[in-house]
1. Any idea what % of Cα-Cα pairs in region 2-224 are farther than 31 Å?
2. According to the Kirkwood expression over distinct Cα-Cα pairs, how big is the hydrodynamic radius of region 239-440, in Å?
3. What is the fewest-to-most order of Thr437, Thr196 by other Cβ atoms lying within 10 Å of their Cβ?
4. So what's region 336-447 giving for Rg/Rh, alpha carbon basis, Kirkwood Rh from the mean inverse pair distance?
5. Calculate, for Glu343 and Arg19, the FRET efficiency according to 1/(1 + (r/R0)^6) with r their C-beta to C-beta distance and R0 45 Å; round to the nearest 0.05.
6. Need one number: nm distance between label points at Glu355 and Glu106, each 7 Å from Cα along Cα→Cβ, rounded to one decimal.
7. Quick one: work out the % antiparallel among DSSP beta bridges in the chain, nearest 5.
8. Give me the percent of Cα-Cα pairs in region 290-368 that sit more than 17 Å apart, rounded to a whole number.
Amino acid sequence: MTTRVILVRHGQSTYNQERRIQGRLDKSILTEAGRTAALQVGETLSSITFDAAYSSPLQRAKETAEIIVSRLTNPPQLQPTDQLMEIDLPLWEGMLRQDAIDQFPEAYKSWQQNPDKFSMKLPSKEAEHFPVLAIFANARNFWKELLSKHSCGTILVVAHNGINRALIATASEISPAYYQSIQQSNCGISIINFGTAPISTSEQGEQQQKIAVQLESLNLTAHTGEIFPKPREGNRGPRLLLVRHGETDWNRAGKFQGQIDVPLNDNGRAQSGKAAEFLKNVKLDFAISSSMLRPKETAEIILQYHPDLKLELRDELREISHGLWEGKFESEIESSYPGLLEEWKTSPETVQMPEGENLQEVWQRAIASWRDIVKSVYGTGIVVAHDAINKAILCHLFGLEPEHFWKFKQGNGAVSVIDYPHGPEGLPVLQAMNVTTHLSGSVFDQTVAGAL
């Protein structure tokens, strides 16, 4: 059973427009553009049946939620909850952002660079207030309560930039240190799937069942007319568009391909064509691909609209080697290696592919190549690779190790947007992830869930 959460940030508010810090101050209301974007979200989600809907009680989020719910075919009752209140920044609320930077330069620098250590000393309290740590605690409590009520179904959650970041991070086991590395645009849509993982037995002999979490997509904005979020102000590093190759016949059949050089099928070429149209008007400054056929062909199709770019091929971005699993279906693998496939699905970091690679080896080569790419490019460009490679890169952005391999979904032909606003040595920002709206028009990833 799966609980699917569709998470939305409120529409543009008057304080957003004025570049003021909002926090929990409830003086800001939606602008006309904010209401229009909320309607666009409602139209986009109108055919989905929701089992429940929750929102922050602050008026900018509550009104956004009310507008969205009003457009649904079968609207659930909206339930405001204080657990979805925005991050609490009491010393800065109502201030222009630039005034906060000018008056509190060291604190603002800490807020941006070390959010997990950022604190405010309130005159009325002896203890320091740690806003990011506090909002992460709220997010954990919200998930605990939500999942106790909804073991399955589809849930709408409408809230704010800060709490939405915390909700995504706590669900995905991302540290508060990476709070600033998750983008949430006004009326951006993110989708998180919560499933029940198989029961495991602890060293003490106790049976344990954990929640399996998958971030299906992050910060979809095409419904608002913006294919990708704009770079943050002052961005001085590269923007990398991470693309997974189009579909192959083996993806469709669920056959493990790994480093067997399977080409795109007709649908994969069509997906690549749609990705090309999607990126047609994006100025590309570089293009890099795995040296294997399926990503190389995907990249070449995208570059039909960018004929002056030369495609750079990198062997280090080749798919994981599945060794003796390659060319086999799951039933064949289970027959030859009983239990190992289940271990791959639940504890992938422990699996050594027979005569192939383990994830530590994939991590090492993929991340070394990624770091080299980030240091060597400028502007905006594409990096086209594979499911396992892309997942390793996405985990790397947040300091996650191979045990988190399954956290990020990567559909065939999907695009993710990664910025380095502080340059190659600074923390990256995941602006959007697993964007597949250009393939089907749906917010859901409808690509096949075939083998790697």
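1. Working: 5625 of 24753 pairs.
Here the long-distance tail beyond 31 Å is 23 percent of all Cα pairs in region 2-224.
2. Details: mean 1/r = 0.0584 Å⁻¹.
Result for region 239-440 stands at 17.1 Å.
3. Details: Thr437 22, Thr196 14.
Ordered by Cβ neighbours within 10 Å, fewest first: Thr196, Thr437.
4. Numbers: Rg = 15.5 Å, Rh = 15.5 Å.
Using only Cα positions, Rg/Rh for region 336-447 is 1.00.
5. Values: r = 50 Å, r/R0 = 1.12.
Working from the Cβ atoms, E equals 0.35.
6. 6.3
7. On the way: 31 of 61 bridges.
Here the antiparallel bridges make up roughly 50 percent for the chain.
8. Values: 1771 of 3081 pairs.
Of all Cα-Cα pairs in region 290-368, 57 percent lie more than 17 Å apart.
Here, each number is a calculation from the coordinates, and none is a lab measurement. The shown structure was predicted, so the numbers you read here are calculated from the model rather than taken from an experiment. Virtual Cβ from ideal backbone geometry, glycine too; neighbours counted across all protein chains shown.
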